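To start, the structure under review is shown below, and the notes come after it.
Here, each number is a calculation from the coordinates, and none is a lab measurement. Being a predicted model, the structure only gives us computed values, none of them experimental. As a convention, Cβ positions derive from the backbone with ideal geometry for all residues, glycine included, and neighbour counts pool all protein chains shown.
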Amino acid sequence: MTHPPTPPPATGSAPPPGCPVTPGAEHGTRSAREASEDAGSVVRLYGEAFSADPQAVYRRLRSIGGIAPVEIAPGVQGLITTTYAAALHLLRNTSGQFAKSPQHWRALAAGEVPADSPARMMMMERNNALWKDGWEHTRLRGAISDTLLGVDLHALRGLATGSADRLIDVIAPRGSADLVGDYAARLPMAILFDLFGCPGPIGHRIVTSLDKLFDTAQDAAAANAELEGACLELTQLKRQTPGADMTSWLLAHPAQLTDAEMIQQILLLIGAGTVPSTNLIGNALTLMLTDDRFAGSVLDGAQSVGGALDYVLWNDPPMANYSPLYARQDTIYEGILIPAGVPILISFAAANTDPSLRLNDAHWAGNEAHLAFSAGAHRCPAPDLARVIAEVAVERILDRLPGLELACPAQQLGRRPGTFHSGWTALPVVFPPVAMSGDSWTPSTPPPLRTASTPPVATSTPKPAPSAPKGPRRWLSSLVAWWRGQ
Ligand code: HEM
């Protein structure tokens, strides 16, 4: 693992490439790095120490200021917000002081970001709403938000329940499962494919190529071409035969998306919709199985599942640090200089747990002022949809697997490594096996997704029940196995 560069002396020498330092700060302002030198060396947002106790890292960074310098990934320098106020300030200024487009990322333009860096993968420009500013963002986001608005949440609840039950049918007779790999990682993708009206073989190709993209031994360019090819096929299919599904609604939007734009918006929806949802479900289930305040009370109904989800969204948000922004010009925030062209991550996790908010256990339930879904122009357009999926996911597990217990000491559970996501790698559980009779579940015809004016049309063919997976695997691999019917 690369070590972070040694901070330069406060004056008299040039900063290393990509370093968020501007020498010669103006009167009364400090560069972020000067501020950090008061508190010690630049902090890593990755590695074992960070994964083991991210909140300790946020506390340390907060002592530097509302914005502090960090190493985002090995060799990638940047800044991060550490308070609620700083996060909101940046997120609400994306049409003025701060830009979303990575075209402003100077180190990337200068070829200084390692080719295989996770920061590059998560932060590079793609032709979708997430990375656009101004009218380009308005157009693409408009198409996505209008499409999402068409999803009837009541119908979604039924669809999600059917998908959750099919997954639980597989694990229920076994008496043990990994609730992340076997369940939380599979469910959001299954629901999204149904919402897209995505036929099984195309879904299979999407998942398989995603898995190849994550597998460093595979040819990433070929996998990417395969992935885009599958999304193109879905687009062309729906151009020819529209249905009551999100792909058809995106195509019918007045924005008139091209095939290339369709591919990128579908990929954005899959990426943005699945991994954070997996983390929310996994984090909530873990909370219920490990935290005394929730363990008994949610299981026996004294606390609602919604309350547990609120707690997670505040205290362990699925996207911990993301939404990289760039100052268009050198900018000062609370006396700290933010140089243009340096990525500033928004820490949703640090913002939500900012002690100046003075929140405690009495404040989480029903309180949606958290930043887990971000804020401003790029705020997640699907918080209600995400909420329904997570609520159904947790409720079905509690209903269907009574007597659920953790299969290992809580201290042995592992956090996902990395800067951006907050979740668990696995959640091994045991429970009294539930015998399934042959007719224990009925493949349901999904209810219509749109309430207003659209005739009720089924969005997908029910999938056959998958057979039991053969043990813990990486979550994407397990998805592939599921689609292959292993
Ligand atoms: C628990 C689940 C979810 C969480 C925590 C979450 C969180 C977020 C966050 C923090 C952002 C801002 C990212 C940024 O600015 O860089 C975002 C954006 C986005 N999310 Fe979600 N999300 C979730 C589920 C979903 C779902 C289910 C969908 C759609 C099916 C979705 C679609 C999107 C899209 C399209 C954007 C980009 C919006 C834009 O740039 O204008 N998300 N989400």
Which FRET efficiency value, to the nearest 0.05, is calculated for L153 and E48 with the Förster distance at 35 angstrom and r the Cβ-Cβ distance? 0.30
At R0 = 60 Å, how high is the FRET efficiency between R60 and D259 if r is their beta carbon distance? Nearest 0.05 is fine. 0.80
Rounded, prolate or oblate: pick one for region 165-219, where a ≥ b ≥ c are the square roots of the eigenvalues of its C-alpha gyration tensor, a/c under 1.5 means rounded, and failing that, prolate if a/b is larger than b/c, else oblate. oblate
Distance in nm between label sites at T290 and Q236, each 7 Å beyond Cα in the beta-carbon direction? 4.7
Report the residues of region 123-157 in range of a label on D399: point 7 Å along Cα→C-beta, backbone N strictly under 17 Å from it. 153-157
Which of the three applies to region 64-122, rounded, prolate or oblate, going by the alpha-carbon gyration tensor with a ≥ b ≥ c and a/c under 1.5 meaning rounded? oblate
Put in order of increasing Cβ neighbours within 10 Å, starting from the fewest, D169, D182, D361, D53 give D361, D53, D169, D182
To make sure I understand, if each residue's beta carbon is the centre and we count other beta carbons within 10 Å, what order do C380, C231, C198 fall in, fewest to most? C380, C231, C198
Given H placed 1.01 Å from N in the peptide plane, which residues other than close sequence neighbours of L427 have an amide H under 5 Å from its amide H? L179, V180, G181
Indicate the gyration tensor shape class of region 144-235 (rounded, prolate or oblate), computed on the Cα atoms with a ≥ b ≥ c the square roots of the eigenvalues: a/c under 1.5 is rounded; otherwise a/b larger than b/c is prolate and the rest oblate. oblate
